[in-house]
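Working notes, beginning with the structure itself.
The values are calculated or read from the model by the stated rules, or taken from the named source; none is laboratory data. If you're wondering where the values come from, they're calculated on a predicted model, not measured in any experiment. Positions of Cβ are generated from backbone atoms using ideal geometry, with glycine treated the same way; all protein chains shown enter the neighbour counts.
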């Protein structure tokens, strides 16, 4: 095998490490702050300006505008996010991911071994979920920087390659082709951040000129909009409008910037900044310009997107009161059928997540109670349909792994339905009683409930991660979090009793409601943790 072939193989391996590193950083941050990020989104999306900031901050943290946009589309599908602030959030998400690219584009590759070493030590030695995920983020950053170093080393030889020079010459003479190629690669990679960093490295190594790098960035921005559009094709129309709006923004931006390519390149060159950094600067400039262009006219854009994607916003609930993935003709194919019902179960989990997230707010805002009740109707419908679908799968063709997966899916749907019932029948009713009595919790009691609720929501997110990954380490982590939650609940109960002894007025007035909430939190968290049992050996699970 020739040296050129080995370099190409190493280059592909480096790109794979880059994609994996970006993914590790994103999943680590999602597990650390996932529930808090969703809560921030819900609270800041009231108007277009705060929504823009929320989208930028979340995407900068998650290093993925697609993840933020898909998350936002879920809120839009449930009617919790209106189209205009939703589109503003999308614009902010695009800015946020370009900020992440700018930060990672600086020449700090020497930190790679430090991040990897510290991250690995932290990940392997820690028992806490928070500390382990911090280690995961550090390892991911280390992989990203290592990959960029490997790419720079292996692309140096291409500077004098006639074949590479000829191919780049084709792209330089055909802007549309270059944009299309970058768009497809970004779509396949599902990470515009990774592709932008790759282009930054290629320009820094003088493998491609600055102007071609800018063209590739345009294609990467366009390709980054495609995954979210595809992911929401079967979602309610409100979700589809959000991802379509993102595609419209980027398409118009690419057309405008392509026409102004020459003067923009000259302006960037006049700054005297190193060419690789200029690529990252242009990435921020492109997405910031989109926000400046479209933020003032978002109501008009919303009307256009609504026209392009016709349908009634009031049909969002009806769209959710139907099954999207349970195809009856797949019952003879267990693998396909189980995949179908797993996807439907994730839809159900999304609705339950919304109920769980709203459950504590219902004690402050009585309008949340009606939303919880409507959402529980959807949960019951999806649970009934999913259960019947599982029962109709032909077991004659099931492998042992298929049987295990069917148990996992059935267990999750059953526990999701139980969680929905507890929230609707118990917590919502307790919230209604608190509003009727016009009483309020003590500040200490409220803080304890908030801490428990945040931990419970994080555990719920972990259980969904487990359902998707089927990772035994994640299952053990979930059971460890169940024990930690139980200990925190015990302390909260003791603290409440202590406040009763001290005669705290608010605690005396709300004691029954407070203790009932603690009871329901314990029941909900037990159902969340039950996701781990089918994954683990039964004896191993029950011993914890």
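Might you let me know whether region 397-412 holds any residue that is closer than 24 Å to residue 325 by Cβ, in a loop (DSSP other than H, G, I, E, B) and in contact with a helix residue (DSSP H, G or I) (Cβ under 7 Å, 6 or more places away or on another chain)?
The answer is yes; a qualifying residue exists.
Looking only at residues in region 128-147 that are part of a helix (DSSP H, G or I) and modelled with pLDDT under 80, which one is surrounded by the most Cβ atoms within 10 Å (Cβ to Cβ)?
Applying the first criterion (part of a helix (DSSP H, G or I)) to region 128-147 yields 129-147.
Restricting the remaining residues to those that are modelled with pLDDT under 80 gives 129-130.
On the way: 129: 20, 130: 12.
For region 128-147, the residue satisfying everything is 129.
Determine whether residue 251 is without any contact (Cβ under 8 Å) to a residue 40 or more places away in the chain, within 16 Å of residue 182 (Cα to Cα), assigned by TED's automatic domain parsing to the domain that holds residue 67 and in a helix (DSSP H, G or I).
On the way: without any contact (Cβ under 8 Å) to a residue 40 or more places away in the chain: yes; within 16 Å of residue 182 (Cα to Cα): yes; assigned by TED's automatic domain parsing to the domain that holds residue 67: yes; in a helix (DSSP H, G or I): yes.
When the stated conditions are applied, residue 251 passes them.
From the list 422, 464, which residue is at pLDDT below 90 and within 20 Å of residue 375 (Cα to Cα)?
Working: 422 fails: at pLDDT below 90.
Within the list 422, 464, the selection yields 464.
Quick check, is residue 509 surrounded by 15 or more Cβ atoms within 10 Å (Cβ to Cβ), farther than 30 Å from residue 383 by Cβ and modelled with pLDDT under 90?
On the way: surrounded by 15 or more Cβ atoms within 10 Å (Cβ to Cβ): yes; farther than 30 Å from residue 383 by Cβ: yes; modelled with pLDDT under 90: yes.
The answer is yes for residue 509.
Hey, among 275, 283, which residue is under 24 Å from residue 63 (Cα atoms), touching a residue at least 40 places away in the same chain (Cβ under 8 Å) and under 26 Å from the mean Cα position of the chain (by Cα)? Explain how you work it out, then say what you get.
Values: 275 fails: under 26 Å from the mean Cα position of the chain (by Cα).
Among 275, 283, only 283 is under 24 Å from residue 63 (Cα atoms), touching a residue at least 40 places away in the same chain (Cβ under 8 Å) and under 26 Å from the mean Cα position of the chain (by Cα).
Table: residues versus (1) within 25 Å of residue 140 (Cβ to Cβ); (2) touching a residue at least 60 places away in the same chain (Cβ under 8 Å); (3) outside the structural domain of residue 90 (by TED's automatic domain parsing).
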site: 183; (1), (2), (3): no, no, no
site: 189; (1), (2), (3): yes, yes, no
site: 199; (1), (2), (3): yes, yes, no
site: 202; (1), (2), (3): yes, no, no
site: 215; (1), (2), (3): no, no, no
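Could you please let me know if residue 238 is at pLDDT below 90 and either within 24 Å of residue 308 (Cα to Cα) or in a helix (DSSP H, G or I) (or both)? Even if it seems obvious, please write down each step before you answer.
Working: at pLDDT below 90: yes; either within 24 Å of residue 308 (Cα to Cα) or in a helix (DSSP H, G or I) (or both): yes.
In short, yes.
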